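Down below is the structure, laid out as structure tokens.
The values are calculated or read from the model by the stated rules, or taken from the named source; none is laboratory data. Source: prediction; values computed, not measured. Counting neighbours? That spans all protein chains shown, and the Cβs are built from the backbone with ideal geometry, glycine included. All accessible areas refer to the heavy atoms of the entire protein, side chains included, with ligands and DNA or RNA removed. Shrake-Rupley method; radii C 1.70, N 1.55, O 1.52, S 1.80 Å.
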Amino acid sequence: MADTYSLIGAFYSKPSPALPPFFLKTPKLPLHFPSKSMAAHCHCSSNPLPSQPSLLVFSGGTAFNGVVEELKKLTVRVAHVLPVSDDGGSTAEIVRVLGGPAVGDIRSRCLRLADESTSEALAVRRLLGHRLPINPQQAKSEWYKILEGEHSLWEGVSKPYRETIRAFLAYFQNEILRRPNESFCFSNGSIGNFFFAGARIFFQSLDAAIFLFSRVSDIPAESLVLPVISTNDRLTLGCELWDGTIIRGQNEISHPTNVIGPVDKGRSSVPALPSRIKRVFYMSREGTNSLHEVFPTVNQAVLDQLSNVDCIVYAMGSLFTSLCPSLVLLGIGEIISSRSCPKVLLLNGSHDRETSGFSASSFVTAITDALNRTYGNSHNCLRNLPSQYINTLLVPEDGEIPIDIQSLSSQGIFDVVIVNSIRDPKVGTIFDPVSLINALGNVVSRYMRTKD
């Protein structure tokens, strides 16, 4: 067991919690760090960058995933900053029974970054990306087959990896059994989420769990997956509408549902909000209104990366529930406004429940208000201009968000680039991944040349 602890010595120094007997047999986790001499050329620029640029991307766990693979061709030096307030799908069940932060978005990004170069890497990714059936009884039956190592998903996974992964799945199961008053529903459960939750509870550290998951899935050492808040506590997102309504819970804001299962993020699957969103904020666990607002501390690693990267990206996705939970934290707006690097907004191709009726400048205003904390505690408000946070807009061609050039100009944003798009039958217009990374590479390349 000491060998296992050596993996995360920098993260974990507390006495170990009681372990299930199976864990005591766990061998040292194999580490395979990628070579730092990997090719660093951008496929999308006529003038390849002399070295890989560093990026920080604010995003949620869904929309940006579709371009992560293409982004690797530009650079692997990317800090992916993700919220830990998602309370939908199988994540909600883990949080309900075991508490702690939501790890679904982090797990999803880790899987997208995972190595695919060998058959074993693909087998590990397939296992950790697997979801159990919707039917609760079928889900529970399949979960036990996986837990006991008898499922076909284990084929191609070598013994060291198999025993390491099973150890943390067993620890997750043990934590569920220790709560006899709570009945855990395995319906649509993510094996990766279960592994992640087991590791987090064992190490009592979200950072250590990410580190372990990154090594198991062989993510390039230069690629960072950072929770915007590093915590072992449950976080609840709230929002205030312009009509004064308070909505509690990320999923209730974005994709309300009362069913445990896959969250339907289709364009017309949920009713419209009664009023536009004014702001998002964090609430105490049992809070019901803005009087119960809390102010969690931003992950210092995020601030460190923000201070040094070559480009800051606000990814497409759910504006108020994917981006703004990261932007409203104290320290984020201060550092971004002080940087002179490219600050790029990837505009959505269609409206959703959160942004009905928005134009491009409305997105810019919402991001500016979040970073300035305009409607929060007046003692913590900033008064920075939109152009101090965003200086480039990448827009999918034929998207339904109106591009109000005059309003953008009045906000100090003049660099608006139209990017090739494709049609997705579920969500509408989205960026063509190759064209998007090509355009982003050109923006970064211009900056790198002036920097040199």
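Miscellaneous remarks
- For residue 241: the one exception among (1) crowded, with 24+ Cβ neighbours inside 10 Å; (2) closer than 30 Å to residue 306 by Cβ; (3) not small (Gly, Ala, Ser): (1)
- Scanning segment 273-304 for residues that are open to solvent by 60 Å² or more (accessible area, probe 1.4 Å), part of a helix (DSSP H, G or I) and either among the basic types (Lys, Arg) or under 18 Å from residue 334 (Cβ atoms) (or both) yields a total of 2.
- Qualifying residue in segment 310-327 (condition: over 18 Å from the mean Cα position of the chain (by Cα) and open to solvent by 50 Å² or more (accessible area, probe 1.4 Å)): no
Here's the yes/no breakdown for (1) farther than 24 Å from residue 147 by Cα; (2) open to solvent by less than 10 Å² (accessible area, probe 1.4 Å); (3) not aliphatic (A, V, I, L, M):
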position	(1), (2), (3)
198	no, yes, yes
202	no, yes, yes
207	yes, no, yes
218	no, no, yes
222	yes, no, yes
226	yes, no, no
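- Per-region count, segment 303-344, residues farther than 23 Å from residue 66 by Cβ and among the aliphatic types (A, V, I, L, M): 8
- Complete set of residues in segment 60-83 that are open to solvent by less than 50 Å² (accessible area, probe 1.4 Å) and in contact with a Gly (Cβ under 9 Å, 6 or more places away or on another chain): 60, 61, 63, 64, 74, 75, 82, 83
- Among (1) under 22 Å from residue 86 (Cα atoms); (2) assigned to a loop (DSSP other than H, G, I, E, B); (3) of a type in the set (S, T, N, Q) - the single one residue 321 does not satisfy: (2)
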